[in-house]
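The values are calculated or read from the model by the stated rules, or taken from the named source; none is laboratory data. These numbers come from a predicted model, not from an experiment. Here the Cβ is made from the backbone with ideal geometry for all residues, glycine too, and neighbour counts use every protein chain on show.
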Amino acid sequence: MKQLLEGSQAVAEAVRLCRPQVVAAYPITPQTHIIERLAQHVANGELDAEFINAESEFGAASIVLGAVAAGARAFTATASQGLLLMTEVLYNIAGLRLPVVMVCANRAIGAPINIFSDHQDSMAVRDAGWIQLYVGSNQEAVDTMVQAYRIAEACELPVMVCMDGFLLTHTFEPVVLPSQAEVDGYLPAFQFARTLDPARPMTLGGASEADNYQPYRVAQHDAMENVQAVIEAFDADYETQFGRTGGGLVQGYRLDGAITVVLCMGTLMGAVADAVDRQRDQGEAVGALRLRCFRPFPVQALLDHLKGVQRIIVLEKAISIGAGGIVAAELRAALQQAEMTIPVESVIGGLGGRDLTPAVIEAIFQQATDEKIDTLNRFAPDHRVNGEVQHG
Amino acid sequence: MTMETKAEMDLHDIRLHGRGGQGTVSAAALLALAAFEDGFESQAFPKFGSERRGAPVEAYVRISSSTIRAHNQLYTPDAVVIQDASLLRSEPLLRGLKSGGLIVLNGEQPAVSEGDGFRWLCLPASEIGERHLGRPLPNTVLLGALAAATQWVSLAALEKAVANHLARKGEEVVKANIEALREGYESSSISTPPPISTPPQPLFFKGEAEAVSKEEQAR
């Protein structure tokens, strides 16, 4: 049944349907509503889980690490500074190959203090060894949550479901929640082969020297590469059962005959698609591509969607300070490796909640068409109403 | 994977203004829930920021006949709901309001210039709210008035939205809010005074009343 739900509530319901046995968290805007809702479900007996109020995000991440190592399905959520405080544990969770699933309600990082949405938090931990899936709507947040546990547990890799803070978490929109029976049919019960068990003593997280540390990283890297096929297969499976896709690895929009394509992540795709429609109405051969899976970086899927494209604009809500666009740099490397010579323009915008509207994206398309994109100075222009800048 | 092409644009965009504690964000949710109940696609979201009692609050609603994929802000509403008339002195509340747009105001109509084409609907929503709720809460009263004046959502759908959304606050609260909603709905037809011809007040408009971008007008 389709219902109008706030994003936090929708994703909390999806988590409940996945039957986690341990939920641990420390509150931080804009993810707090998710955890509040789950706490209510546990208190009301609607979710048979242990709810643990952690003393910090470092604690919350450590609790879910331990819970999963002990064979329990676990969930946590955070954002921004909270995610950064988890960083050390995030690497350990991935290195231990523990299938933790978490939500990052994407938000800017201080300083300056800013609570609004961009992708700087999750992008900062991109090398930690977590699968990162960026959702474009609350429906996708629900569907991706259910898929995330299956992916994580099948591949023994942690998954971070990245949903734009406020733009999704605090927005009411129509969502179809699957039934418990449907989710149970899709997501098998968690059976962890390496469960810590006093009856079968073993060491988890022992020391590793030069002889075998690197092979661990190689194995992790290989597992991440291989998970691409799993993400696609489980998404196809989901579509068969639920009639909706979570978005696969990448999602294209009006790519037929497109000469110029904007690549983006998350909810930004909505405004980009509106801009594409308006440009197409004016006869411009433009299209859009959304990276749903950023880690692993789905090189082949991207290249498959970019055949015949003559210019790519990567519009991203994060910056590697001193280097520039992160996705743009990775895409350039992938194209060069494949000997595809398509110019990639890197445009950064939307930092700290600055609004990226269809009008702004149209202006970027226009500059690209006019071959004046250098004048952008690599940052998106502002949205203006009657000449006055609107900061969102 | 391919994203579906969108066929139609938003039908109605609404911006709601109030102060922290007046239920502005709840009113936006109720309006979106009612539109959804009436079979439309809808979206409600607050102006993101720190929440504190008494501080200016904004919330937005999009109502559409097709899937709403936009998650950017809303700049050119078709209607503005103002829960606290004192905000008119400090905030550019009419910014971006489309020509001929509707203003639903809790209070008496302020002096405004002719020629803006705006339609004013003014009613003592706090008083009506207080009578039903025991507290001067204007939000459901103003929603009733908006619904009556625009017919964008039905009264039945609003009542159902109130019943569902406020259920956790108990039957008494639901009943009182539905009564407030109905009185707002009934009051609307008799309280649309014509605009008064006086010079514009600078603090009031801050030069933003006509501020509609070409891009947004084109939508």
Show the residue pairs that are 6+ apart or on different chains and have beta-carbon atoms under 7 Å apart, the first residue being within segment A:327-341 and touching a residue at least 24 places away in the same chain (Cβ under 8 Å), the second being part of a helix (DSSP H, G or I). A:Leu331/A:Leu302; A:Ala334/A:Val299; A:Ala334/A:Leu302; A:Ala334/A:Leu303; A:Ala338/A:Leu303; A:Met340/A:Leu303
Checking the condition touching a Lys or Arg at 6+ places or on another chain (Cβ under 9 Å) and of a type in the set (Val, Ile, Thr), which residue from B:Ile103, B:Ile128 passes? B:Ile103
When you scan segment A:124-145, how many residues do you find that are buried (at least 24 other Cβ atoms within 10 Å of the Cβ) and of a type in the set (A, V, I, L, M)? 6
Scan segment A:234-270 residue by residue and report those that are within 12 Å of another protein chain (Cβ to nearest Cβ), in a helix (DSSP H, G or I) and either touching a Cys at 6+ places or on another chain (Cβ under 9 Å) or surrounded by fewer than 20 Cβ atoms within 10 Å (Cβ to Cβ) (or both). A:Ala236, A:Glu239
Take the conditions in contact with a Phe, Trp or Tyr (Cβ under 7 Å, 6 or more places away or on another chain), under 24 Å from A:Ile342 (Cα atoms), within 14 Å of chain B (Cβ to nearest Cβ) and of a type outside the set (Phe, Trp, Tyr) and apply them to A:Arg280. Does it pass? no
Yes/no for A:Ala301 being in the same structural domain as A:Ile361 (by TED's automatic domain parsing), out of contact with any Pro (no Cβ under 9 Å at 6 or more places or on another chain) and either in contact (Cβ under 8 Å) with a residue 60 or more places away in the chain or part of a helix (DSSP H, G or I) (or both): yes
Counting only residues that are away from chain B (no Cβ under 14 Å) and either at pLDDT below 95 or part of a strand (DSSP E or B) (or both), segment A:79-122 contains a total of 4
In the set B:Gln73, B:Gln109, B:Gln83, which member is more than 18 Å from B:Arg15 (Cβ to Cβ) and crowded, with 16+ Cβ neighbours inside 10 Å? B:Gln109
Determine the pairs where a residue that is within 14 Å of another protein chain (Cβ to nearest Cβ) and closer than 24 Å to A:Gly353 by Cβ, located within segment B:63-88, has a partner that is among the small types (Gly, Ala, Ser) and in a loop (DSSP other than H, G, I, E, B) with Cβ atoms under 6 Å apart, the partner being 6 or more residues away or on another chain. B:Gln73/A:Gly392; B:Tyr75/B:Gly96; B:Thr76/B:Gly96
Residues of segment A:1-58 being in contact with a Phe, Trp or Tyr (Cβ under 7 Å, 6 or more places away or on another chain) and within 13 Å of chain B (Cβ to nearest Cβ), which ones? A:Leu4, A:Leu5, A:Glu6, A:Pro30
Among the residues of segment A:155-164, is any buried (at least 24 other Cβ atoms within 10 Å of the Cβ), more than 14 Å from the chain's Cα centre (by Cα) and under 30 Å from B:Lys47 (Cα atoms)? no
I'd like the full set of residues that are within 11 Å of chain B (Cβ to nearest Cβ) and in contact with a Pro (Cβ under 6 Å, 6 or more places away or on another chain), limited to segment A:131-169. A:Gly165, A:Phe166, A:Thr169
Scanning for something within 11 Å of the chain's Cα centre (by Cα), more than 14 Å from chain B (Cβ to nearest Cβ) and in a helix (DSSP H, G or I), does segment A:123-130 turn up at least one residue? yes
